[in-house]
Amino acid sequence: MEKVILHCDLNSFYASVECLYNPAIRDKPVAVCGRADLRHGIVLTKNQIAKQYGVITGEAIWQARKKCPQLIIVNPNYPLYLRFAQEAREVYARYTDQIEAFGIDECWLDVTGSTGLFGSGEKMAQEIRERMKKELGVTVSVGVSYNKTFAKLGSDLKKPDAVTIISRENYQQIVWPLPVGELLYVGRSTKRKLENLAITTIGKLAASSPAYLKRILGKWGEVLWTFANGFDETPVSKAGFENAIKGIGNSMTTPRDLQSLQDAKILIYALSDSVAQRLRKHHLKGRTVQIYIRDNTLFSLERQAKLANATYASGPIAEKALTIFQDNYDWQKPIRSLGVRVTDLVTADSCIQLSFFDGQARQLKLEALERSMDEIRRRFGHYAVQRGVLLTDTPLNANPVEENVIHPVSFFR
Amino acid sequence: MKKVFVDVTAEFSREGSLLPRSFIWENGVKYEIDRVYECCKAASLKVGGQGLRYRCRVRGKEVYLFFEEGRWFMEGKK
């Protein structure tokens, strides 16, 4: 039986919710931006009117203001957006239980099994579109197709408040003329490589030989070729936007640039603390520590190293992160943002290789200590107990667990 | 139009449904709700909000009463 997949994309999600709650700004250009005083001042989403002025997601507030001086800037209200994302999921859940979130505002739905009950994919898509408008007051664009890649492409073609169908009959007319950069997972650098080979459209990608693409792009070459031809058979996995299975990480753009090792140390400990806390919450341990550094010219680098044992204690994670940091950063420039991530996850109760020599007992003690800290924080708040190093600089000592922002997770899991 | 939050007296039924019985408007006047026609999830585009929308008859007129995140609001004239 042919699969029926919907991809639902809430249009200008943050901006739409803000405009719903503030009718006075609804007919004006609006951008939801990070807080400038915390140096998070970039455009997160903009409404359709701001879009017409050429305001783009990711640019700095001053750049957006240059294009559109009367732009209304709104600070984000994440709890409200999460509530709306949840409400949207409840609408989807009336049609299927196979819902895979891709970021906060996009979902894939496998409705193959529901066609007998609710009619064709298109009919369900239209119903979802109407319901979203009536019940939530925001609009959604839906792509209907027989695989996930084309469904996602479809939802991007017509927006806002629209349904696009990509079938086996029409995909060559609709999908193939599109620029190759529109395809899922063709990012900036892949796009450049492909364009250098005169592969400018998805159709040209589909017509290339997979072996050739593999030589150029590695195994991704073949994957992209299957995407372009509609052979993508990745299933819609039941996954919420809160799931992060491959790794757990936090990063932060700091209120001021980091100037010294001491600064970096404070932040690394704060981030490691929150990463470890989330690992414990999800009952996971990790073996690999990655760090991410971005300097004040926005140049960034990522490095990683392995731990001796999988852990969910913040001490070893922070120590490792600090070592990687010292080995890889030479302080040519001050740092704007830092991230710590733990990957290579195993469930916390899986077997470990014991050792005669290094301090296994110490690690167990440390883990017990940190679990007690969790309990204290649960009852008395995040700042009830903390590391001494974090007290030396209050502005850097944020609470990344609560201020954690949800980003799209990987497509393959 | 403006969003007017109101004090509401409501009833929980044994089955778990929630029905508003009366509300106090911003001028202090108490209005009885004669009948609830319908209750569904909806957004208020007029004043900005989203929740359970009760379509009610009050003194012969039809009005909407919204229940959003534990608070009740109505769509005020100005």
Which ones in segment A:157-185 are of a type in the set (A, V, I, L, M) and closer than 27 Å to residue A:47 by Cβ? A:157, A:162, A:163, A:165, A:166, A:174, A:178, A:183, A:184
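So that you can scan it fast, the table gives a plain yes or no per residue for (1) within 14 Å of chain B (Cβ to nearest Cβ); (2) surrounded by fewer than 16 Cβ atoms within 10 Å (Cβ to Cβ); (3) more than 21 Å from the chain's Cα centre (by Cα):
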| site | (1), (2), (3) |
| --- | --- |
| A:35 | no, yes, no |
| A:68 | no, no, yes |
| A:91 | yes, no, yes |
| A:94 | yes, yes, yes |
If you go through A:209, A:251, the only one that is of a type in the set (S, T, N, Q) and either within 25 Å of residue A:7 (Cα to Cα) or over 19 Å from the mean Cα position of the chain (by Cα) (or both) is A:209
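Residues checked against (1) hydroxyl-bearing (Ser, Thr, Tyr); (2) part of a strand (DSSP E or B); (3) surrounded by fewer than 24 Cβ atoms within 10 Å (Cβ to Cβ):
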residue: A:272; (1), (2), (3): yes, no, no
residue: A:291; (1), (2), (3): no, yes, no
residue: A:294; (1), (2), (3): no, yes, yes
residue: A:306; (1), (2), (3): no, yes, yes
residue: A:309; (1), (2), (3): no, yes, yes
residue: A:317; (1), (2), (3): no, no, no
Restricting attention to segment A:109-128, which residues are crowded, with 19+ Cβ neighbours inside 10 Å and in a helix (DSSP H, G or I)? A:121, A:124, A:125, A:128
Restricting segment A:158-192 to residues that are buried (at least 16 other Cβ atoms within 10 Å of the Cβ) and part of a helix (DSSP H, G or I), the residue that is modelled with the lowest pLDDT: A:190
Can you give me the number of residues within segment A:247-270 that are among the hydrophobic types (A, V, I, L, M, F, W, C) and closer than 18 Å to residue A:344 by Cβ? 1
Taking interchain pairs and intrachain pairs at least six residues apart, which have beta carbon atoms under 9 angstrom, with the first residue in segment B:26-41 and within 17 Å of residue B:3 (Cα to Cα) and the second of a type in the set (Gly, Ala, Ser)? B:26/B:76
Does segment A:342-387 hold any residues that are free of Cβ contacts under 8 Å to residues at least 12 places away in the same chain and of a type in the set (Asp, Glu), and which are they? A:375
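To keep it simple, each residue is scored yes or no on (1) touching a residue at least 24 places away in the same chain (Cβ under 8 Å); (2) part of a strand (DSSP E or B); (3) over 22 Å from residue A:9 (Cα atoms); (4) of a type in the set (S, T, N, Q).
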| residue | (1), (2), (3), (4) |
| --- | --- |
| A:149 | yes, no, no, yes |
| A:152 | yes, no, no, no |
| A:198 | no, no, yes, no |
| A:215 | no, no, yes, no |
Looking only at residues that are within 14 Å of chain A (Cβ to nearest Cβ) and closer than 15 Å to residue B:1 by Cβ in segment B:54-68, which one is surrounded by the most Cβ atoms within 10 Å (Cβ to Cβ)? B:66
Determine whether residue B:36 is under 12 Å from residue B:73 (Cα atoms) and aliphatic (A, V, I, L, M). no
Residue A:136 within 14 Å of chain B (Cβ to nearest Cβ), touching a residue at least 24 places away in the same chain (Cβ under 8 Å) and touching an Asp or Glu at 6+ places or on another chain (Cβ under 9 Å): yes
Qualifying positions in segment B:6-53 - in contact with a Phe, Trp or Tyr (Cβ under 7 Å, 6 or more places away or on another chain), away from chain A (no Cβ under 14 Å) and part of a strand (DSSP E or B): B:7, B:8, B:18, B:20, B:22, B:23, B:31, B:36
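The values are calculated or read from the model by the stated rules, or taken from the named source; none is laboratory data. What you see is a predicted model; the values in this text were computed from it and never measured. Backbone-built Cβ (ideal geometry, glycine too); neighbour counts: all protein chains shown.
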